[in-house]
Amino acid sequence: MNKRTTARLDMVLWGVLGLAMIAALYLAFVDAPRERTMGDLQRIFYFHVAAAITGMTAFGVNFAAGVAYVARRDRKWDRLALAAAETGVVFFAIVLITGPIWAKPVWMVWWTWSPRLTLSLVLCLLYIAYLLIRRYIEDPDRRAMIAAVFGIVAFVDAPLVWFSIRWWRDIHPAPMLESGGIDPAMRPAFWACVASFELLLVYLLRRRCALESMREEMERLERLAG
Amino acid sequence: MIEVRGLAKYYGRQGALHGLDLAIAPGDFIALFGRNGAGKSTFLRILAGLARPSAGSCRIAPAPGGRDSAARTRGRIGYLSHHTSLYPDLTALENLRFSARMMGVRGDDGFLAGRIGAVGLAGREREPVRAYSRGMQQRLAIARAFLHDPDLLLLDEPFTGLDQAGADFLERYLLEARAAGRTCVMALHDAETGYRLANRLVVIDRGKAALDARPAALPLDAFRARYAAILSAPAGGGAR
Amino acid sequence: MTRLWAVFRKDLAIELRTKDALNTMLFFGVVVLVVFHFALRSGDVDPRAAAPGVLWVAFAFAGTLGLNRMFAVEKENGCLEGLMMMPADRGVLYLGKMLAGTVFMLAAEAVIFVASLVFFNLTVWGELPWLGLVFLLGTLGFTAVGTLLAAIAVNTRMREVLLPVILFPVILPVLIHAVEATALILGGAGPGELKLPVAVLAAFTVVFGTIAFLLFEHVLED
């Protein structure tokens, strides 16, 4: 794909993303019905869950890019893996911030060690560790490879963490998605939020990859000059 | 035997090699020169299979009749780096015993003691390596690296830390290897030693081969002058 | 196979001579027990309830020290480079190191465990075989992924400091199951209840052992 097409694609993406976000905000705050017991507070759920789903997508992308890097050793996969890890951590930061805000009035506690909450926290820790490893390896080829290996380990670990907590510490009411689904009136808001967050992820990944490839290009030019 | 094409290795902003081309034939005994940071060590590491090139390729032909596998290729290489790769808490004999097992060399303690004796450390094989001086450790490192009689020798400034007797031993060993038709690439700084030992002289500058000549065709003084000219050219610079 | 044993025996020989890793592991493990005694104000807590968690924290800390030491030894004279030059599958290096790490950890665990029996006033003769099984499987799970991550940590600028940071989040499933299994045993549960944690610990070892075996060589190269 040439540069101009890429730039146009980014513009289109930017436009669609903007519209989707406005739509999601409208659906979540105006269109969706007021929840009977939790009131307006429940509306945070749309963003909270959408962020979690999108964050998981990002870590999935990180895993896939890591596997691709090990197999192909093409630096573009490393750039994608880095972008995915960073954005994933940001999305899960949103999850971890919105979670307690909602939980305190509803459950009367800021935090419970429920599987979902704990998994979110552990995922955050795992991928912060991933970013730390990257930070402390100077050689880019080596950094890419070691990061890919750790990303694979982290992603395989995630379901094990999930089931471990679930089997031993299951004290938590099953979330709405599993217990019979959400109220049909809330569905548009929910899916709009998920869709716009996923679009945001795509946009952020593209921008972050572009930034990283510019940084690498800079390094290359500096190498040639010096 | 070795085909090096457009070999490049970058470490972020720094580059060690920028498109090095070199064809190494069996029996080539190459003395590799170049200023500090010219990429000699990096080149040897890539040849040894310890580092992956950022671009370009480096192919070592499989042994006649042998299959091509990374582990098999490693078994034909003797690599002596800056590091001795010796465990300081093990004795000389234990170090060699471990290496022999790993290399698949069959040999009892008598054989290993013989190798230790050959580098002038007879009678000290049961001392822990920690008690050795730097020069003695380098001698033992030589015995270790070439324990399996490899047909490709890669040496990174092998004379470092050796006293006269040690240097004499290494020189004899290398001349014998040369006579036996083995292939060798060694990084050096001393022009005279390299000229004496090698049958091919290569100077790396700015990540490329700046000079590639046979001692037979280039008198020592002429080689010295050209080597000095390459070294005195300003380092770096954008003129590439 | 001979090469795997060679790596294993070499690490063991170095350790038996210097006892660097074992001494620090043992001492640190016991220190952790003492610290936790006061941190948990153990006078108020049922020892059988507190012991599993405290024990596994001590094991994990000691194990981290041991794994770090095992790779620090390889870095000292560029021995890792020498190992990588050996005509062996580099996965074999992983297996040898993992085996050695497991043995060091188990040795340290035995002593820390005895110390904990004294500190917590426990009598466990009947439970010993089951505890042994859980310790073994938990340790295998720990070293399966720990050996790979120790090789990663030693290759970074931070060296040993990085290992606990990257290892503990990954090792969480092992810790959870090992602690729960230990608690079940000390609580007098039958073998039937141990099936799940034992299976998970074994599965964890196999899964991460395989990943590490396959990817270990990529971690070493540069």
Give the residues of the range B:78-95 that are within 20 Å of B:ASP109 (Cβ to Cβ) and more than 7 Å from chain C (Cβ to nearest Cβ), sorted by residue number. B:THR91, B:ALA92, B:LEU93, B:ASN95
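Scan the range C:55-75 residue by residue and report those that are aliphatic (A, V, I, L, M), in contact with an Asp or Glu (Cβ under 8 Å, 6 or more places away or on another chain) and within 15 Å of C:GLY138 (Cα to Cα). Talk me through it step by step, then tell me what you get.
Taking the range C:55-75 as the starting set, the residues that turn out to be aliphatic (A, V, I, L, M) are C:55, C:57-58, C:60, C:62, C:65, C:67, C:70, C:72-73.
Cutting the leftovers down to in contact with an Asp or Glu (Cβ under 8 Å, 6 or more places away or on another chain) gives us C:62, C:70, C:72-73.
Once the filter is applied, which keeps residues that are aliphatic (A, V, I, L, M), in contact with an Asp or Glu (Cβ under 8 Å, 6 or more places away or on another chain) and within 15 Å of C:GLY138 (Cα to Cα), the range C:55-75 yields only C:ALA62.
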Kindly indicate whether C:LEU67 is within 14 Å of chain B (Cβ to nearest Cβ), aliphatic (A, V, I, L, M) and crowded, with 18+ Cβ neighbours inside 10 Å. no
Hey, any hits in the range A:152-163 for a residue that's modelled with pLDDT under 95, outside any helix (DSSP H, G or I), open to solvent by 60 Å² or more (accessible area, probe 1.4 Å) and of a type outside the set (S, T, N, Q)? no
I'd like the full set of residues that are closer than 18 Å to B:ALA191 by Cα and open to solvent by less than 40 Å² (accessible area, probe 1.4 Å), limited to the range B:155-175. B:LEU155, B:ASP156, B:PRO158, B:LEU162, B:ALA167, B:LEU170, B:GLU171, B:LEU174
Condition test on C:ALA203, is it in a helix (DSSP H, G or I), under 21 Å from C:PHE8 (Cα atoms) and not polar (S, T, N, Q)? no
Only one residue in B:ALA48, B:ALA63, B:ALA23 is at pLDDT 85 or above, surrounded by fewer than 21 Cβ atoms within 10 Å (Cβ to Cβ) and not acidic (Asp, Glu). Which one? B:ALA23
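Got at least one residue in the range A:105-118 being within 24 Å of A:GLY66 (Cβ to Cβ) and open to solvent by 20 Å² or more (accessible area, probe 1.4 Å)?
Quick first cut of the range A:105-118, residues within 24 Å of A:GLY66 (Cβ to Cβ) only: A:118.
Restricting the remaining residues to those that are open to solvent by 20 Å² or more (accessible area, probe 1.4 Å) gives none.
Scanning the range A:105-118 turns up no residue that is within 24 Å of A:GLY66 (Cβ to Cβ) and open to solvent by 20 Å² or more (accessible area, probe 1.4 Å).
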Does B:ALA25 satisfy being among the aliphatic types (A, V, I, L, M) and within 14 Å of chain A (Cβ to nearest Cβ)? no
Show me the strands (runs of 3 or more DSSP E) entirely contained within the range B:133-240 in which 1 or more residues are among the β-branched types (Val, Ile, Thr). B:183-187, B:200-205
Quick check on the range C:46-60. Is at least one of its residues in contact (Cβ under 8 Å) with a residue 24 or more places away in the chain, away from every other protein chain (no Cβ under 14 Å), small (Gly, Ala, Ser) and open to solvent by 20 Å² or more (accessible area, probe 1.4 Å)? yes
Taking the criterion of being open to solvent by 30 Å² or more (accessible area, probe 1.4 Å), more than 26 Å from A:LEU41 (Cα to Cα) and part of a helix (DSSP H, G or I), would at least one residue in the range A:82-91 satisfy it? yes
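Mind counting the residues in the range A:1-37 that are part of a loop (DSSP other than H, G, I, E, B) and not β-branched (Val, Ile, Thr)? Please lay out each step first, then the result.
Just the residues of the range A:1-37 that are part of a loop (DSSP other than H, G, I, E, B), to begin with: A:1-2, A:32-34, A:36-37.
With not β-branched (Val, Ile, Thr) added as a condition, the list becomes A:1-2, A:32-34, A:36.
Of the residues in the range A:1-37, 6 are part of a loop (DSSP other than H, G, I, E, B) and not β-branched (Val, Ile, Thr).
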Consider A:ARG135 against the criteria (1) of a type in the set (D, E, K, R); (2) under 17 Å from A:ALA83 (Cβ atoms); (3) more than 9 Å from chain C (Cβ to nearest Cβ): it satisfies all of them except one. Which criterion is unmet? (3)
From the option list B:GLU171, B:GLU192, single residue qualifying as under 15 Å from the mean Cα position of the chain (by Cα) and among the charged types (D, E, K, R) is B:GLU171
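Looking only at the range A:207-216, which residues are within 14 Å of chain B (Cβ to nearest Cβ) and open to solvent by 80 Å² or more (accessible area, probe 1.4 Å)? Can you show your working first?
Our first condition is that a residue be within 14 Å of chain B (Cβ to nearest Cβ); within the range A:207-216, this holds for A:212, A:215-216.
Within the range A:207-216, just A:ARG215 meets the criteria.
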Would you mind telling me which numbered condition in (1) more than 9 Å from chain A (Cβ to nearest Cβ); (2) of a type in the set (A, V, I, L, M); (3) in contact (Cβ under 8 Å) with a residue 40 or more places away in the chain C:LEU175 fails? (1)
Output for the range C:206-222, where each listed residue is assigned to a helix (DSSP H, G or I), open to solvent by less than 40 Å² (accessible area, probe 1.4 Å), at the interface with another protein chain (Cβ under 9 Å from one of its Cβ atoms) and touching a residue at least 40 places away in the same chain (Cβ under 8 Å): C:PHE208, C:ILE211, C:ALA212, C:LEU215, C:PHE216, C:VAL219, C:LEU220
Please work out if A:THR37 is over 16 Å from A:ALA83 (Cα atoms) and of a type in the set (Ser, Thr, Tyr). yes
List the number of the failed condition for A:PHE92; all other conditions in (1) within 20 Å of the chain's Cα centre (by Cα); (2) facing chain C (nearest Cβ under 10 Å) hold. (2)
Can you tell me how many residues in the range C:165-204 are within 20 Å of C:LEU149 (Cα to Cα) and open to solvent by 20 Å² or more (accessible area, probe 1.4 Å)? 7
Could you give every pair whose Cβ atoms fall below 6 Å, whose first residue belongs to the range B:129-154 and is at pLDDT below 95, and whose second residue is among the basic types (Lys, Arg) and assigned to a helix (DSSP H, G or I), counting only separations of at least 6 or pairs across chains? B:ALA143/B:ARG115
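Can you go through C:LEU148, C:LEU196 and tell me which one is in contact (Cβ under 8 Å) with a residue 24 or more places away in the chain and at the interface with another protein chain (Cβ under 9 Å from one of its Cβ atoms)? It would help to see each step written out before you state the result.
Working: C:LEU196 fails: in contact (Cβ under 8 Å) with a residue 24 or more places away in the chain.
That would be C:LEU148, the only listed residue that is in contact (Cβ under 8 Å) with a residue 24 or more places away in the chain and at the interface with another protein chain (Cβ under 9 Å from one of its Cβ atoms).
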With criteria (1) more than 10 Å from the chain's Cα centre (by Cα); (2) open to solvent by less than 10 Å² (accessible area, probe 1.4 Å); (3) small (Gly, Ala, Ser), C:ALA144 comes up short on (1)
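Restricting attention to the range B:119-131, report how many residues are surrounded by 16 or more Cβ atoms within 10 Å (Cβ to Cβ) and in contact with a helix residue (DSSP H, G or I) (Cβ under 7 Å, 6 or more places away or on another chain).
Step one: list which residues in the range B:119-131 are surrounded by 16 or more Cβ atoms within 10 Å (Cβ to Cβ), which gives B:119-121, B:124-125, B:128-129.
Remaining after also requiring in contact with a helix residue (DSSP H, G or I) (Cβ under 7 Å, 6 or more places away or on another chain): B:119-121, B:124-125, B:129.
Of the residues in that region, 6 qualify.
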Identity of the residue in the range B:77-106, open to solvent by 40 Å² or more (accessible area, probe 1.4 Å) and part of a loop (DSSP other than H, G, I, E, B), that ends up nearest to C:MET86 (Cα to Cα): B:GLY104
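Just one of C:ALA100, C:ALA88 is of a type in the set (Gly, Ala, Ser) and within 12 Å of chain B (Cβ to nearest Cβ); which is it? Break it down into steps so the answer makes sense when it comes.
Values: C:ALA100 fails: within 12 Å of chain B (Cβ to nearest Cβ).
Only one candidate passes the filter, namely C:ALA88.
This table checks each residue for (1) farther than 29 Å from A:LEU224 by Cα; (2) open to solvent by less than 50 Å² (accessible area, probe 1.4 Å); (3) touching a Phe, Trp or Tyr at 6+ places or on another chain (Cβ under 9 Å).
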position: B:VAL185; (1), (2), (3): no, yes, yes
position: B:LYS208; (1), (2), (3): no, no, no
position: B:LEU220; (1), (2), (3): yes, yes, yes
position: B:ARG226; (1), (2), (3): no, no, no
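Kindly check whether there is at least one residue in the range C:95-113 that is under 30 Å from C:LEU220 (Cβ atoms) and not in a helix (DSSP H, G or I). Spell out the reasoning first.
We begin by selecting, within the range C:95-113, every residue under 30 Å from C:LEU220 (Cβ atoms); these are C:95-109.
The next check asks that each one be not in a helix (DSSP H, G or I); those that pass are none.
For the range C:95-113, residues under 30 Å from C:LEU220 (Cβ atoms) and not in a helix (DSSP H, G or I): absent.
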Filter the range B:67-76 down to the residues that are surrounded by fewer than 21 Cβ atoms within 10 Å (Cβ to Cβ) and in a helix (DSSP H, G or I) and list them by number. B:ALA70, B:ALA71, B:ARG72, B:THR73
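The values are calculated or read from the model by the stated rules, or taken from the named source; none is laboratory data. Just so you know, these numbers come straight off a predicted model, no measurement behind them. Reconstructed Cβ throughout: ideal geometry from the backbone, glycine too, with neighbour counts over all protein chains shown. Each accessible area value is taken on the protein alone, full model and side chains, heavy atoms only, with ligands, DNA and RNA left out. Shrake-Rupley method; radii C 1.70, N 1.55, O 1.52, S 1.80 Å.
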